[in-house]
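Some notes on the structure that comes next.
Taken together, the values in this text are just the output of simple stated rules run on the coordinates, not laboratory data. Quantities reported herein were computed from a predicted structural model and do not represent experimental measurements. Heads up, the Cβs are rebuilt from the backbone with ideal geometry, glycines too, and the neighbour counts pull from every protein chain shown.
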Amino acid sequence: MAALSLDGSNPDVSLLRDINGLAKHAPRWLDRVMVAVGDYGLILLMVLLVGWCWWRVARRGGAEAPAAVAGVVWAVLAGSVALLLNVPLRNFVDRPRPFVDHQGLDVLVKGRTDFSFVSDHATVTMAVAVGVFLVSRAWGLTGIAVALAEGFCRVYMGVQYPTDVLGGFALGTAVALLLAPLALALLTPLMTAVAGSRVGGLVRAPQAAGRAAARRGEPYPEPTAVDKDLAA
């Protein structure tokens, strides 16, 4: 991997220079925005997306709610597991950051001395996005778009090769998909038990609201388009 990065004519380095070259011609305020977005903003957006998806599946209620909430919980855990697996992987590959081997890059974030392959940010965001996709296609595709934007930002900032990002996407996707059957087999009974406990509102919030509405003689709320998508 290190030998590949030393060849400035290879596609990985060429694409790195093309994307990072945009930063050289951009105003400084835009570079600062890209750093804020690439380091923290898109991660926060993914957290909000997961929280929103959790709220929607819990609000929907029904017998499927525990399984759906288990899927959302797995999305979060998938990001954590993928990040942990990346620690030994980065040390094994031992690839320096691109600015170590290539002069002339516009590095927007200084002081990064850890290894480059694979990208933590790309790994976590894609793992969570694919986990959400298993629950809801619509919100999962939104999450995948966020992950792709994260990967672009990392290369734009000059701190990651494109293959670092692609490797992160592959690792995150593999963890979220391959471990999902086992994770959901364990998490679904747990969420079902939580649904019957005093904190069951975290899993089946609308059921209590539906019973209260029934006592008042009001109809149970109809599912929204998002709810139908989450049920798909």
Neighbour net charge for Arg97 - beta-carbon separation under 10 angstrom, K R +1, D E -1: -1
Cα-based shape type of the stretch 56-111, given that a ≥ b ≥ c are square roots of the gyration tensor eigenvalues and the cut on a/c is 1.5: prolate
Förster radius 30 Å - calculated FRET efficiency between Gln103 and Leu182 (Cβ-Cβ, nearest 0.05): 0.05
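Stretched out fully, how many nm does the piece from Leu15 to Phe92 gain, at 0.36 nm a residue minus the Cα gap?
Contour length minus the Cα-Cα distance gives 25.3 nm.
On full extension of the chain, what length is gained from Glu64 through Ala36, given 0.36 nm per residue of separation minus the C-alpha to C-alpha distance?
Gain on stretching Glu64 to Ala36: 6.3 nm.
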Gain on full stretching of the segment that runs from Arg137 to Leu44 - 0.36 nm per residue minus C-alpha separation: 31.4 nm
Sparse-neighbour loop sites [trypsin sites (Lys or Arg not before Pro); the stretch 100-138; at most 13 other C-beta within 10 Å; DSSP]: Lys110
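Going by a ≥ b ≥ c, the root eigenvalues of the Cα gyration tensor, does the stretch 16-90 fall in the rounded group (a/c under 1.5), the prolate group (a/b larger than b/c) or the oblate group?
Oblate.
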Cβ crowding within 10 Å averaged over residues, with 82-90, 182-190, 68-76, 126-134 ranked highest first: 126-134, 68-76, 82-90, 182-190
Phi to ³J(HN,Hα) by Karplus 6.51 cos²θ - 1.76 cosθ + 1.60 over the stretch 106-120, Hz, x for Gly, Pro: 8, 7, 7, 10, 8, x, 7, 10, 7, 6, 9, 9, 9, 5, 4
The stretch 150-161 - phi-based ³J(HN,Hα) in whole Hz, Karplus 6.51/-1.76/1.60, Gly and Pro as x: 4, x, 4, 4, 5, 6, 4, 6, x, 10, 8, 6
